[in-house]
1. Going residue by residue through the stretch 189-200, is there one that turns out to be in contact with a helix residue (DSSP H, G or I) (Cβ under 7 Å, 6 or more places away or on another chain) and within 25 Å of residue 301 (Cβ to Cβ)?
2. Here are some residues: 105, 73. Which one is surrounded by fewer than 16 Cβ atoms within 10 Å (Cβ to Cβ) and in contact (Cβ under 8 Å) with a residue 24 or more places away in the chain?
3. Tell me yes or no: at least one residue of the stretch 53-70 is outside any helix (DSSP H, G or I) and within 14 Å of residue 243 (Cα to Cα).
4. Step by step: first the residues of the stretch 187-200, then only those that are in contact with a strand residue (DSSP E or B) (Cβ under 8 Å, 6 or more places away or on another chain) and in a helix (DSSP H, G or I), then the one that is nearest to residue 307 (Cα to Cα). Which residue is that?
5. Where in the stretch 79-186 are the helices (runs of 4 or more DSSP H), entirely inside, with at least 1 residues that are in the same structural domain as residue 245 (by TED's automatic domain parsing) and at pLDDT 95 or above?
6. Kindly indicate whether any position in the stretch 114-131 is farther than 30 Å from residue 271 by Cβ and surrounded by fewer than 24 Cβ atoms within 10 Å (Cβ to Cβ).
7. Pick out, from the stretch 239-309, the helices (runs of 4 or more DSSP H) lying fully within it that include 1 or more residues that are buried (at least 18 other Cβ atoms within 10 Å of the Cβ), assigned by TED's automatic domain parsing to the domain that holds residue 92 and in contact with a strand residue (DSSP E or B) (Cβ under 9 Å, 6 or more places away or on another chain).
């Protein structure tokens, strides 16, 4: 079976399981709202945000809503929506993944302006998970290339989180100045997983001395009772998470009002508080604990950053040479 066929089958099964109903068929019906998300916000959404939004929507509209979600890597999720997955909302790791959907005509090109905060709904930072007591003395990204250190990180070919990770390695210096450290770090990688969640799970299983991950992922782990230390480098990349309403789908399913309300809810005081319980930070505020934050815009924006990960991109070549 082809990849496209597998995706289509998954989409059909998901839709069947949601028993989605158009809003205008029955004012008393429980409306189904579908969120296509990358993997990191799973716990925040399922345990906190979705139940709270359901109550929020009842009070605002007098109607009920059932929020369902699919969780995949950011790029895979974008491809699924393009292939026909009927998501009302996308919450992805990378702005360019939402732009890909917009280029296919499913999302209006002005989605950043309509979402607010330039399309960003929440933030975290790139951080380092280390063994309790930090026995290897890891303090900064430059330490990851030291001889004898075992590193766990996601693959930038398959993971949006890993793109953030490798951009954090570069920092604000010229890319050429960072390539030696990147090659040394890649040479220390013992597992290069397809996604950020898989990386931290492998680290929790005892693989590696350090895992490069989202600071938010370490909060989820601690809430689940897993124990290790977290190092936030003095200068690190602030990870900005975008969201957008999938215009073609909400208009077809009659869910625009609740979908737009959900995206707005993420940046309300209540939404920010609930996301904050799981390690996410407000889009309009500084990330606590980050002394010297920098952003993708400081690296020339996503158009420049994406070039580093292309077929002949500098980071792609550095990873290939070291592997």
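1. Yes - at least one qualifying residue is present in the stretch 189-200.
2. 105
3. To start, the set of residues in the stretch 53-70 that are outside any helix (DSSP H, G or I) comprises 62-70.
Going one step further and asking which of them are within 14 Å of residue 243 (Cα to Cα), we end up with 69.
Within the stretch 53-70, one or more residues are outside any helix (DSSP H, G or I) and within 14 Å of residue 243 (Cα to Cα).
4. Start the filter on the stretch 187-200 by keeping residues that are in contact with a strand residue (DSSP E or B) (Cβ under 8 Å, 6 or more places away or on another chain), which leaves 188-196, 198-200.
With the extra rule that they be in a helix (DSSP H, G or I), the set shrinks to 196, 198-200.
Details: 196: 21, 198: 25, 199: 24, 200: 27 Å.
The extreme case among them is 196.
5. Numbers: elements: 95-103, 111-115, 160-170.
Filter on the stretch 79-186 gives 95-103, 111-115.
6. Our first condition is that a residue be farther than 30 Å from residue 271 by Cβ; within the stretch 114-131, this holds for 130-131.
In the following step, the residues that additionally are surrounded by fewer than 24 Cβ atoms within 10 Å (Cβ to Cβ) were identified as 130-131.
Among the residues of the stretch 114-131, at least one is farther than 30 Å from residue 271 by Cβ and surrounded by fewer than 24 Cβ atoms within 10 Å (Cβ to Cβ), which makes the answer yes.
7. On the way: elements: 247-253, 256-265, 269-276, 301-307.
Filter on the stretch 239-309 gives 247-253, 256-265, 269-276.
Table: residues versus (1) closer than 25 Å to residue 89 by Cα; (2) in contact (Cβ under 8 Å) with a residue 60 or more places away in the chain; (3) under 23 Å from the mean Cα position of the chain (by Cα).
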site	(1), (2), (3)
119	yes, yes, yes
132	no, yes, no
137	no, no, no
141	no, yes, yes
149	no, yes, no
152	no, yes, yes
155	no, no, yes
159	yes, yes, yes
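The values are calculated or read from the model by the stated rules, or taken from the named source; none is laboratory data. As the structure is a computational prediction, the values presented were derived from the model and not from experiment. FYI the Cβ positions are ideal-geometry reconstructions off the backbone, even for glycines, and counts take in every protein chain you see.
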